[in-house]
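See below for the structure under consideration.
The values are calculated or read from the model by the stated rules, or taken from the named source; none is laboratory data. Bear in mind that the values here come from a model prediction, so they are computed numbers and not experimental data. Every residue, glycine among them, receives a Cβ derived from its backbone with ideal geometry; neighbour counts consider all protein chains shown. Side chains are part of the model used for accessible areas, which takes the heavy atoms of the whole protein and leaves out ligands, DNA and RNA. Shrake-Rupley method; radii C 1.70, N 1.55, O 1.52, S 1.80 Å.
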2 protein chains.
Amino acid sequence: MDGRTGTAGTATVRRVTLTPGARRVLAAAERLFYDRGIHAVGVDTIAAEAGVTKKTLYDRFGSKDQLVVEYLAGRDDRWRAFLIGRIDTAPPEPAARIVAIFEASRDWTLANSAKGCSFVNAHAEIGPEHPAHTVITEEKRWILALCTRLAGEHFPGHGERLGRELMLLHEGSLVAYGLTIFPDALDLATDRARALLQTGNA
Amino acid sequence: MDGRTGTAGTATVRRVTLTPGARRVLAAAERLFYDRGIHAVGVDTIAAEAGVTKKTLYDRFGSKDQLVVEYLAGRDDRWRAFLIGRIDTAPPEPAARIVAIFEASRDWTLANSAKGCSFVNAHAEIGPEHPAHTVITEEKRWILALCTRLAGEHFPGHGERLGRELMLLHEGSLVAYGLTIFPDALDLATDRARALLQTGNA
DNA sequence: ACTTCGCTATACAGATCGGTATACTTAATT
DNA sequence: AATTAAGTATACCGATCTGTATAGCGAAGT
């Protein structure tokens, strides 16, 4: 996948050349931003964690804002690629693919999102004027569109409604897991999605 | 309700005397913290917005961390009082009371939470070591316990599972609304909750 | 051979951060 | 009449913030 224009890509193009130093900066930023929050982490900390000078960081990314964009766009890329891989290897029936979404989300979240959805968390810290804001909203619209399309194939005429209902379960499970409200949130959401697809409107 | 020990109260006690100045500080902090995020707002900004000197702010609250605690505890108090009022005036049947929760959440959110749940958003910014962390988790556990209890009265033996499923819908709707993924999230969650209570396990 | 690229090292700028100190005022309490 | 509480005004502290400047180094490309 070149930049962000592939099957899973968005309109946001990768603006930075990922030199070895830039890669380490991005890796450090992803960890620190997610764990501690965007505003709580300074560029000095990121540079130190990456074992890189601040000049390298600014030569590659130009600003902290842009680094935030790359942080979210990078997670977006990897998550979409992961999800698409799971969907492609799932049975072709739309219901099975929807279930595959929830199972992929569970596995991804267990491995990468102990504090919940990184996009939701970033949204809490930045306003609409921030260049990373569209990355957040587009990611959510993308999953919604995916759920809606598959739900429409499964239950023609009810794609819109079912897609949104699936999104409620999906986003709810990430919050419940991230805030440790209850432990089995990710599996519970999968169960509920399955039930929703069987009855259509129970 | 005295402090935070009433019907809707938690273990967190109000540690500050709410003098007129302190009230304006808290009002300004609530608005700024919610709109811009906790780390993005400085104490100077809050004091200026409240029309108060920084000394007054520190005389009343002692630290920014404590002000964050009061911010979240205050929202918690008002939201719980609002919700309990709605539940008390709803029909006594547990199903009707659960629906009342979702309708109350919708009305409260429309009036106070354009950017989604303030506790979820705060959780994105602070770690477990922050004194406000327990305010967040206790608020979520409280609603979960409330849903679980009512769901158990409605469907004996299935309170735990139904309560959690209701929480998925509730938290999901706040995210979907706060990130404007789709506009009717709050009403849709109410519909889904109603359906869930009718079939029990559809 | 010369230039460009990616990088280190260090120092610095101006602003803002959370928090404190000092001195004064005003109103209510005792 | 003396004290206390709640407040203003202002100045300051050291730390940290984002971002820039200067100088140099080694490897790769032309």
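So, of the residues in segment A:15-40 that are assigned to a helix (DSSP H, G or I) and among the aliphatic types (A, V, I, L, M), which turns out to be nearest to the other protein chains (Cβ to nearest Cβ)? Before you say what the answer is, go through the steps one by one.
Looking only at segment A:15-40, we keep the residues that are assigned to a helix (DSSP H, G or I), and these are A:20-36.
Filter again for among the aliphatic types (A, V, I, L, M), leaving A:22, A:25-29, A:32.
On the way: A:Ala22: 25, A:Val25: 21, A:Leu26: 20, A:Ala27: 21, A:Ala28: 18, A:Ala29: 16, A:Leu32: 12 Å.
Going through the qualifying residues, I end up with A:Leu32.
Return yes when B:His133 is at the interface with chain A (Cβ under 8 Å from one of its Cβ atoms) and either surrounded by fewer than 22 Cβ atoms within 10 Å (Cβ to Cβ) or closer than 19 Å to A:Asp191 by Cβ (or both) and no when it is not.
On the way: at the interface with chain A (Cβ under 8 Å from one of its Cβ atoms): no; either surrounded by fewer than 22 Cβ atoms within 10 Å (Cβ to Cβ) or closer than 19 Å to A:Asp191 by Cβ (or both): yes.
Spelling it out, it is not the case that B:His133 is at the interface with chain A (Cβ under 8 Å from one of its Cβ atoms) and either surrounded by fewer than 22 Cβ atoms within 10 Å (Cβ to Cβ) or closer than 19 Å to A:Asp191 by Cβ (or both).
Pick out the one residue from A:Ala122, A:Ala195, A:Ala189, A:Ala185 that is buried (at least 23 other Cβ atoms within 10 Å of the Cβ), among the hydrophobic types (A, V, I, L, M, F, W, C), over 20 Å from B:Phe182 (Cα atoms) and within 11 Å of chain B (Cβ to nearest Cβ).
Working: A:Ala122 fails: over 20 Å from B:Phe182 (Cα atoms); A:Ala195 fails: buried (at least 23 other Cβ atoms within 10 Å of the Cβ); A:Ala189 fails: over 20 Å from B:Phe182 (Cα atoms).
On inspection, the qualifying residue turns out to be A:Ala185.
B:Glu93 is checked against (1) assigned by TED's automatic domain parsing to the domain that holds B:Asp187; (2) within 16 Å of DNA strand D (Cβ to nearest atom) and fails just one. What number does that condition carry?
Of (1) assigned by TED's automatic domain parsing to the domain that holds B:Asp187; (2) within 16 Å of DNA strand D (Cβ to nearest atom), only one is false for B:Glu93: (2).
For segment A:41-51: of the residues being surrounded by fewer than 20 Cβ atoms within 10 Å (Cβ to Cβ) and in contact (Cβ under 8 Å) with a residue 24 or more places away in the chain, which is nearest to the other protein chains (Cβ to nearest Cβ)? Before you say what the answer is, go through the steps one by one.
Restricting attention to segment A:41-51, the residues satisfying the condition of being surrounded by fewer than 20 Cβ atoms within 10 Å (Cβ to Cβ) are A:42-45, A:48-49, A:51.
Of the ones still in play, those that are also in contact (Cβ under 8 Å) with a residue 24 or more places away in the chain are A:43, A:51.
Values: A:Val43: 15, A:Gly51: 24 Å.
Among those that are surrounded by fewer than 20 Cβ atoms within 10 Å (Cβ to Cβ) and in contact (Cβ under 8 Å) with a residue 24 or more places away in the chain, it is A:Val43.
Which condition does B:Lys115 not pass, out of (1) within 11 Å of another protein chain (Cβ to nearest Cβ); (2) within 13 Å of the chain's Cα centre (by Cα); (3) assigned to a helix (DSSP H, G or I), if it passes all the others?
Failing condition for B:Lys115: (3).
In segment A:41-69, which residue that is within 11 Å of DNA strand C (Cβ to nearest atom) and part of a loop (DSSP other than H, G, I, E, B) is nearest to B:Ala122 (Cα to Cα)?
Applying the first criterion (within 11 Å of DNA strand C (Cβ to nearest atom)) to segment A:41-69 yields A:42-44, A:47-48, A:50-61.
Narrowing further to those that are part of a loop (DSSP other than H, G, I, E, B): A:42, A:51-53.
Working: A:Gly42: 19, A:Gly51: 30, A:Val52: 31, A:Thr53: 31 Å.
It comes out as A:Gly42.
Scan segment A:146-168 and give yes if some residue there is facing chain B (nearest Cβ under 7 Å), open to solvent by less than 10 Å² (accessible area, probe 1.4 Å), at pLDDT 95 or above and not in a helix (DSSP H, G or I), otherwise no.
No: zero hits.
What are the residues in segment B:83-119 that are open to solvent by 30 Å² or more (accessible area, probe 1.4 Å) and of a type in the set (S, T, N, Q), if any?
Result: B:Thr89, B:Asn112.
Looking at segment B:17-40 only, could you name the residues that are open to solvent by less than 30 Å² (accessible area, probe 1.4 Å), β-branched (Val, Ile, Thr) and away from DNA strand C (no atom under 11 Å from the Cβ)?
B:Val25, the sole residue that qualifies.
If you check B:Asp59, B:Asp65, which single one turns out to be within 13 Å of DNA strand D (Cβ to nearest atom) and either open to solvent by less than 10 Å² (accessible area, probe 1.4 Å) or at pLDDT 95 or above (or both)? Spell out the reasoning first.
Values: B:Asp65 fails: within 13 Å of DNA strand D (Cβ to nearest atom).
The match here is B:Asp59.
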